[in-house]
């Protein structure tokens, strides 16, 4: 499965797309597929500080509760209230309309510790075997 | 992810071919979902869902004195069952806790005791060992030679009738009969665990794949979906049915689980009877309550429950309920006061308390 190449990935299946000082965070197609029907999304408030690798919210499917981890540190500038109202949007378009939060990126250099699309592809491939 | 020690049912290859998500359950590698839990749930509530339940333990019991013996081990009556009847029952220990819950079938030439996969080994050991089986009674664990395919949903009769000469209309709810289904020998039971009409087909393991494929082909027209254990758990919770390990276990009695209707304390002696008589006469015991969350966060097994500001018990099962418009439903084992219908309680979710209220079970009842 080809991942979008314009962003970085975590081993926990989040993505972050960085544009200058701002970033968008979501979960991957693989993550939404593994979770199944998403029924509940709990996100941090605007202004909250995120620390790389720490939980920032929760996504629940019918059967499972999963933490969402911050791919990079930063400060929340916007929360996608439409996925809170309609969590199935994360299933429908995880890389697009199903984004979760926008942030001011604290240290863009942290992205170097993340996976690029090819490395994430390899991770997903390995996990499905 | 998978463990080599897990068993596979006769339909394992079929599930993999269908792209099911497989997960360990009760010692077997079982399909959790195919198209998605919500889609599969909808199929069962409005059309037909097809389940592989071959992981469940199937014990055949024959000989003189079978019902009298089973009556000494269980809370519900066995000896009063009519030919062809199926009855929900619970095996109890001396303290009245549940060893397992089961459906017992009275078939023409044998009794069939169907136990939970997770309890199969324990129940085999109990029935064959500790339970003082009379020498006139024989036990046979046919699980590995058998398969169990369940069709559940309002269009089950429409799907199944063309494949059998048995008049399905003559099989009442919680009855069973022997007959041929698409040319193979079957025990056809009008039982289930979803709150819908439907059938459970006990067949030989070697017939399972062909019958599954035939039902799939014939089922397209009536909206059949293969359905996994994920949907099954949501369906049974909506229907207020207990799941062993959640609403029942060795420390939770059938009275605590609210299964009083199945507990016949006027039956002659059975294991746990004195403990249950004592519990009922004392009253005031913790019990299973049905909850609906007032907010959007789902309650999950293990979350703490508070009543009047104080700890009152814990959630035992929880899920969003598609049949209730996505509301979050749960069961909790709580104090008598907290279990009263309409009681306002709180559920602690990730450190915050969320309001909920108690309702009578079941959450969902089909219109007949």
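Tell me the Rg and the Dmax, in Å, that the Cα atoms of chain B produce.
Taking only Cα atoms of chain B, I get Rg and Dmax of 20.5, 62 Å.
Consider all pairwise Cα distances in segment B:57-140 and report the whole-number % of them above 20 Å. Numbers along the way, then the final one.
Values: 775 of 3486 pairs.
Cα-Cα pairs in segment B:57-140 separated by more than 20 Å: 22 percent.
Among DSSP beta bridges whose residues both lie in the protein assembly as shown, state the antiparallel percentage, nearest 5.
Working: 110 of 115 bridges.
Expressed as a percentage, antiparallel bridges in the protein assembly as shown total about 95.
By how many nm would the segment from residue B:367 to residue B:218 lengthen if fully extended, with 0.36 nm per residue of separation less the alpha-carbon distance? Could you put the intermediate results ahead of the total?
On the way: separation 149, 0.36 × 149 = 53.64 nm, distance 2.55 nm.
The span from residue B:367 to residue B:218 would gain 51.1 nm if fully extended.
Based on the Cβ-Cβ distance from residue B:135 to residue B:336, what FRET efficiency comes out when R0 is 45 Å, to the nearest 0.05? Please report the intermediate quantities before stating the final value.
On the way: r = 45 Å, r/R0 = 0.99.
With R0 = 45 Å, the Cβ-Cβ based efficiency is 0.50.
How big is segment B:72-190 in terms of Cα radius of gyration and Dmax, in angstroms?
Rg and Dmax of segment B:72-190, Cα atoms, are 15.8, 48 Å.
Determine by what factor the alpha-carbon radius of gyration of segment B:176-259 differs from 2.2 N^0.38 Å, reporting the quotient.
Values: Rg = 16.0 Å, N = 84, 2.2 N^0.38 = 11.8 Å.
Relative to the 2.2 N^0.38 Å estimate, segment B:176-259 comes out at 1.35.
I'd like the FRET efficiency for residue B:18 and residue B:158, computed as 1/(1 + (r/R0)^6) with the beta carbon distance as r and R0 of 25 Å, rounded to 0.05. Intermediate results must be reported in sequence, preceding the final value.
Working: r = 23 Å, r/R0 = 0.90.
E between residue B:18 and residue B:158, to the nearest 0.05, is 0.65.
Distance from the Cα centre of segment B:90-148 to that of segment B:238-271, in angstrom?
16 Å
Given points 7 Å out from each Cα along the Cα-Cβ axis, report the residue A:118 to residue B:94 separation in nanometres with one decimal.
6.9 nm
Restricting to bridges with both residues inside segment B:172-308, how much of the DSSP beta-bridge set is antiparallel, in percent to the nearest 5? Before the final figure, lay out each step's value.
Working: 10 of 11 bridges.
If we restrict to bridges inside segment B:172-308, about 90 percent are antiparallel.
With only alpha-carbon atoms in the gyration tensor, what are the semi-axes of the equivalent ellipsoid for segment B:284-359, in Å, largest first? Can you show the working numbers first?
Working: eigenvalues 62, 34, 22 Å².
After diagonalising the Cα gyration tensor, the semi-axes are 18, 13, 10 Å.
Take every Cα-Cα distance within the protein assembly as shown, group them into 20 Å bins from 0 onward, and report for each bin the whole-number percent of pairs it holds.
Result returned by the calculation: 21, 50, 25, 4, 0.
Once fully extended, how much extra length lies between residue B:308 and residue B:261, figured as 0.36 nm per residue of separation less the alpha-carbon to alpha-carbon distance?
Numbers: separation 47, 0.36 × 47 = 16.92 nm, distance 2.99 nm.
Gain on extension, residue B:308 to residue B:261, equals 13.9 nm.
Where the centre of each part is set by its Cα atoms, how far does segment A:47-95 sit from segment B:1-45, in angstrom?
28 Å
Counting only the backbone N, which residues of segment A:11-53 are under 13 Å from the spot 7 Å out from the Cα of residue A:108 toward its beta-carbon?
Residues A:17-24 fall inside that zone.
Under a point spin-label approximation (7 Å from Cα along Cα-to-Cβ), what is the residue B:170-residue B:292 distance to one decimal in nm?
4.3 nm
Show me, bin by bin at 5 Å from 0, the whole-percent P(r) of segment A:8-127 based on Cα pairs.
So the P(r) values, bin by bin, are 2, 13, 24, 26, 20, 11, 3, 0.
Here, each number is a calculation from the coordinates, and none is a lab measurement. Source: prediction; values computed, not measured. FYI the Cβ positions are ideal-geometry reconstructions off the backbone, even for glycines, and counts take in every protein chain you see.
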